[in-house]
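The values are calculated or read from the model by the stated rules, or taken from the named source; none is laboratory data. What you are looking at is a predicted structure, and each value in this text was computed from that prediction instead of being measured. Note that each Cβ is placed from the backbone with ideal geometry, even for glycine, and that neighbours are counted across all protein chains shown. Heads up: the accessible areas ignore ligands, DNA and RNA and are worked out on the full protein's heavy atoms, side chains in. Shrake-Rupley method; radii C 1.70, N 1.55, O 1.52, S 1.80 Å.
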Amino acid sequence: MWLFIIFLGITFGAGLYESRVTVANWTKSPEGEARWNAEAARRDDTGRKFWAFVTTLPLTLLTVASLILAWRATGDLRTWWLAAGFAALADRIFTFSYFIPTMVRLMRATDSPASRATATQWANLGYVRLAIVLVAWIAALKAFSLLYRNQ
């Protein structure tokens, strides 16, 4: 469980940083106007340089393992752990079904009204995903406290 919590915390913190700092380099000109800078996104390539090592495989495996272990738990521990696991699963589904495929398409796109709209939507939905991860993290922390309180 502690690995699950650590990876959720890293995911939340890095996601917050990316949404506030990195994505702005892709979606805003130096003058603050909306744009899509695929070259900057490809240069940063956070998906392959960072996220693959933190969430794509590790958090996905930890989420599945947590759901299996949580299912066997009892009482409040089970409730909180399942809540954390299902919230993390929602994040994983959202990531694999929308965020990764959309970014792959955006990295090939030129700056156009359509790519700007897609990038803006991607960035805005990133805040929804961060909220889901935050819920998972808080629920996992509550489950962790119950696990050690009961021992």
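Tabulated data for the structure shown
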quantity	calculated
Thr120 paired with Leu3, simple spin-label distance in nm, labels 7 Å along Cα-to-beta-carbon	4.2
Charge sum, other residues only, whose C-beta stays under 13 Å from Ala139's C-beta, Lys/Arg counted +1 and Asp/Glu -1	0
Where labels lie 7 Å past Cα in the beta-carbon direction, separation of Leu57 and Asp76 in nm	3.8
Stretch gain in nm, segment Leu69-Ser19, where the contour uses 0.36 nm per residue and the Cα spacing is subtracted	14.8 nm
Size of charge dipole - the chain - debye, nearest 20, with Cβ of Lys, Arg +1 and Asp, Glu -1, no other charges	260
Listed candidates (i) 1.82; (ii) 1.17; (iii) 1.09 - label of the one calculated as Cα Rg over 2.2 N^0.38 Å	(ii)
For the chain, calculated [θ]222 nm from helices alone, where every DSSP H run of n ≥ 4 adds -39500 (n - 2.57)	-23500 deg cm²/dmol
Burial ranking of peptide ranges 137-144, 119-126 (average Cβ count within 10 Å, highest at the top)	137-144, 119-126
The chain - accessible surface per residue (Å², probe 1.4 Å)	56
